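K.L.:
One structure is given below, represented as structure tokens, and several questions about it will come after.
Please treat every number below as a calculation from the coordinates, not as lab data. No experiment lies behind these values; they were computed from the predicted model shown. Neighbour counts run over all protein chains shown; Cβ positions are idealised from the backbone, glycine included.
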Amino acid sequence: MGNDLTGVARSVFLRGLVAATVALPGWAAAQTPPTATDPIVHVAVVDHEPIDEMSGIVKSQTYPDVYWVHNDSGDDPRLFAIDGSGRIVMRGDAERRFHVGPESTAEGRPLWPGLRILAAANFDWEDIALADGRLYIAEMGNNGNARRDMGIYVVNEPNPRAVPAARILKFLPIRYPDQEVFPARQRHFDSEALFVSAGKIHVITKHRPVDEPGPEPGAKLYRLDTEHTDRENVLTLVGTREDLVWPTAASLSPDGQRLAVLTLEALWLFDEPSTGEDWFAGEPDRIPLPQARTRQAEAVCWDDARTLRIANEQRDLFTVDLDAAGAATGERGAR
């Protein structure tokens, strides 16, 4: 698991490719025809204009065909409910008052602003998870490694067809145990990936060089063992990977036995550890992403035990068939 310099160069190149394709309409890059054995299928473009930089997605455990998504940094504190085809889900009376889709077609009606999260702020929301009826929103973006106000919002999952807003239950302030100064000497304290396992919140960091653009190989897995609201919760370091480059999202399978970690280049699938709690300890399966289509993939969740769903910042939705991925390689996934 040493540093893979070739992988770094490839990742930097591919991020350049992402930037080059961002200006294209969502369908243009996303609908490059897949091969017959391609397990990754483009299913929709979310055309509601206020959803302009999807950074997190999670499937509801209570409301059928509902997915919660949010934008990246600088947006209002809000969530959007969409269905599997990317259409907005909202209250019936809101459908008469608000417009859904591009602003150019609004015809005088305001655009649906989403479901407001009260007593919250979106400085840099990066991921979302759901467990036991509660949404966990990661206010964990930390590009400069200088933030001292990071944390996780906890919200009871609202009914998107009944309410326009939800109030947070609590905010859990977070601090990394191995960060001693602000800004840190290493740029290793930025997280875009959040999941809940065995009732405990976990976060995964992404790393970048101090004086260079682009990613640096390596990621750390931390666990939240306390839930103080009046003081910082110091995370517990659980594991490290030197070969995991730039994780952008994570999601635990419905049965709790597999962890999906998304990067720009691939989906990593880790099995539940046989001993201990380090999800990074085993050898993962990898499903390469056709980045000319998936582009800046920033969000992942499970549709069911054999299907994953990816969202990118360009508002495309993809499904990943794990059975097809195994059939294509003769294994469960591409190692």
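K.L.:
Before anything else, pin down the relative contact order of the chain: Cα pairs under 8 Å, at least 6 apart, normalised by residue count, whole percent. Mind showing how you got there, number by number?
P.N.:
On the way: 845 pairs, mean separation 63.5, N = 335.
So the answer I get is 19 percent.
K.L.:
Could you work out the local net charge near residue 305, counting Lys and Arg as +1, Asp and Glu as -1, over the other residues with Cβ closer than 11 Å to its Cβ? Could you put the intermediate results ahead of the total?
P.N.:
Numbers: positive: 258, 306; negative: 255, 303, 304, 323.
That sum, taken over residues with Cβ under 11 Å, equals -2.
K.L.:
A follow-up question, please. Starting with the fewest neighbours, write out 123, 189 ranked by other beta-carbon atoms found within 10 Å of each beta-carbon.
P.N.:
Working: 123 16, 189 24.
In order of increasing Cβ crowding within 10 Å: 123, 189.
K.L.:
Under 23 Å Cα-Cα from residue 59, which lysines qualify once same-chain neighbours fewer than 8 residues away are excluded?
P.N.:
170, 200
K.L.:
Given charges of +1 on the Cβ of Lys and Arg and -1 on the Cβ of Asp and Glu, with all other atoms neutral, how large is the dipole of the chain about its Cα centre, in debye to the nearest 20?
P.N.:
On the way: 35 positive and 51 negative charges, 94 e Å.
Here the size comes out at about 440 debye.
K.L.:
Now for a separate question. Might you report the magnitude of the Cβ-based charge dipole of the range 109-167 about its Cα centre, with Lys and Arg at +1 and Asp and Glu at -1, to the nearest 20 debye? All intermediate terms of the calculation are to be shown ahead of the outcome.
P.N.:
Numbers: 7 positive and 7 negative charges, 65 e Å.
Dipole size: approximately 320 debye.
K.L.:
Now, a different point. Given the options 229, 108, 276, identify the residue whose Cα lies farthest towards the positive end of the charge dipole of the chain (+1 on Cβ of Lys, Arg; -1 on Cβ of Asp, Glu).
P.N.:
Most positive-ward Cα: 108.
K.L.:
Based solely on its DSSP helices, what 222 nm [θ] is calculated for the chain when runs of n ≥ 4 H residues each add -39,500 (n - 2.57) and the sum is averaged over all residues, nearest 500 deg cm²/dmol? Each step should come with its number before you reach the end.
P.N.:
Details: 5 runs with 40 residues, N = 335.
Rounded to the nearest 500, the figure is -3000 deg cm²/dmol.
K.L.:
Choose one of 66, 238, 186: the residue whose Cα lies farthest towards the positive end of the charge dipole of the chain (beta-carbon charges +1 Lys, Arg; -1 Asp, Glu; about the Cα centre).
P.N.:
66
K.L.:
Another question about this same structure. For a footprinting-style exposure proxy, rank 298, 242, 157, 107 by other Cβ within 10 Å, fewest first.
P.N.:
Details: 298 23, 242 14, 157 20, 107 6.
Final ranking by Cβ density, sparse to dense: 107, 242, 157, 298.
K.L.:
Cut-off is 10 Å between beta-carbons; in what order do 67, 153 appear when sorted fewest neighbours first? Intermediate results must be reported in sequence, preceding the final value.
P.N.:
Numbers: 67 25, 153 22.
Arranged by neighbour count, lowest to highest, 67, 153 become 153, 67.
K.L.:
Would you pull out the residues with amide H under 5 Å of residue 168's amide H, same chain only if 5 or more places away, H placed 1.01 Å from N?
P.N.:
So residue 168 has HN proximity to 118.
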